[in-house]
Amino acid sequence: MVSFRTIKFLTAGVASTVLLTSPGILPVNSANGFGFLGFATPAAAKDPIRYKPPTLPGPVRTAGTGSRTVGCAMDKTATLLPLVPDRHIGQTVSDRPPLLWYVAGAKSVEVTLVQPGVAKPIFEQTVQIHNPGIVQVNFPDNAPALQPGQEYRWSVAVVCNPKRRTQDTAYTQAFIKRLPASARLEQQLAAAKSDQERSRIYAEAGLWYDALATLAKANASDPANESIRADFYSLLHQVGLNEAIANEQALSQLGDEIK
């Protein structure tokens, strides 16, 4: 039986955790991490989650929706794929939303969050990668909170050579915008009885980052719940992240073969 591993790293004196598991194995409860999910098709849900994209006008800035297959050397490649919508900027009402992406073929990546026009990053974190799959990084407690109405850019870069960071030409990026929470949204969330129900409320409100992160939290608490997994993959499918689904399906099949 292949087991999971929890990897901790430090940034600015604050400990965060990324949970990585072996292919196809469900993660155990972890408030600070997220790993692989056993593949479940979106059609498995009797009442599938519905994501309603925001209708506010604005530029399409989703440079991270296509995977980036890049190499640090002739014999090494890495694939990076942020889990973000493909035609609009993902939104959140959280001041410190988790960031999720798919990675394969990289040993180390650096995650950076910036506000366009501001030189100093909001935070930078280096994450060691031991297995391919979906990774989550939580917002450091000592980082400045996201401000309502502001748009931010986050990126993931492959660390090719820790001693010569100018070689880090491999990266992908995505955007995020924070909105103020409405009174109606807060009432709905307060009345919800589970994280899965709250994720559906976020999805209906067009809050991509909150819906995805809340489903990740629900999965960590109840990893055997196929309905939660189906909702997660249904969200990915609805915003064009079929490549991430296919990658996870391949990992799940590999996990079944090596058990």
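Quick look at the values:
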item: Per-residue SASA entry for Glu151, accessible area with 1.4 Å probe, Å² rounded to 10; result: 40
item: Formal net charge of residues neighbouring Leu146 (Cβ-Cβ distance under 14 Å; K, R +1; D, E -1); result: 0
item: Cα gyration tensor shape of the range 166-241, rounded if a/c is under 1.5, else prolate or oblate by comparing a/b with b/c; result: oblate
item: Rounded accessible area of Ser221 (nearest 10 Å², 1.4 Å probe); result: 80
item: ³J(HN,Hα), Karplus 6.51/-1.76/1.60, whole Hz, each residue of the range 240-246, x for Gly, Pro; result: x, 8, 5, 5, 5, 4, 4
item: Positive minus negative residues near Pro180 (Lys, Arg vs Asp, Glu; Cβ under 11 Å); result: -1
item: By average C-beta atoms within 10 angstrom, highest first, the peptides 140-147, 109-116, 202-209; result: 202-209, 109-116, 140-147
item: Prolate/oblate/rounded call for the range 90-224, Cα gyration tensor, a/c under 1.5 rounded; result: oblate
item: Potential lengthening between Asn225 and Ser108 on full extension [0.36 nm per residue; Cα-Cα distance subtracted]; result: 39.0 nm
item: HN-Hα J in Hz across the range 175-186 - Karplus 6.51, -1.76, 1.60, θ = phi - 60°, x for Gly and Pro; result: 10, 8, 10, 9, 10, x, 7, 7, 4, 5, 4, 5
item: Counted charge near Leu241, where neighbours are those whose Cβ lies closer than 12 Å (Asp, Glu -1; Lys, Arg +1); result: -2
item: Sequence of Thr55, Thr172 from largest to smallest accessible area, 1.4 Å probe; result: Thr55, Thr172
item: FRET efficiency, Thr55 to Gln128 (Cβ-Cβ, R0 45 Å, nearest 0.05); result: 0.65
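The values are calculated or read from the model by the stated rules, or taken from the named source; none is laboratory data. Just so we're clear, the structure is a prediction, and the values are computed from it rather than from any experiment. As a convention, Cβ positions derive from the backbone with ideal geometry for all residues, glycine included, and neighbour counts pool all protein chains shown. Side chains included, ligands, DNA and RNA excluded: accessible areas come from the protein's heavy atoms. Shrake-Rupley method; radii C 1.70, N 1.55, O 1.52, S 1.80 Å.
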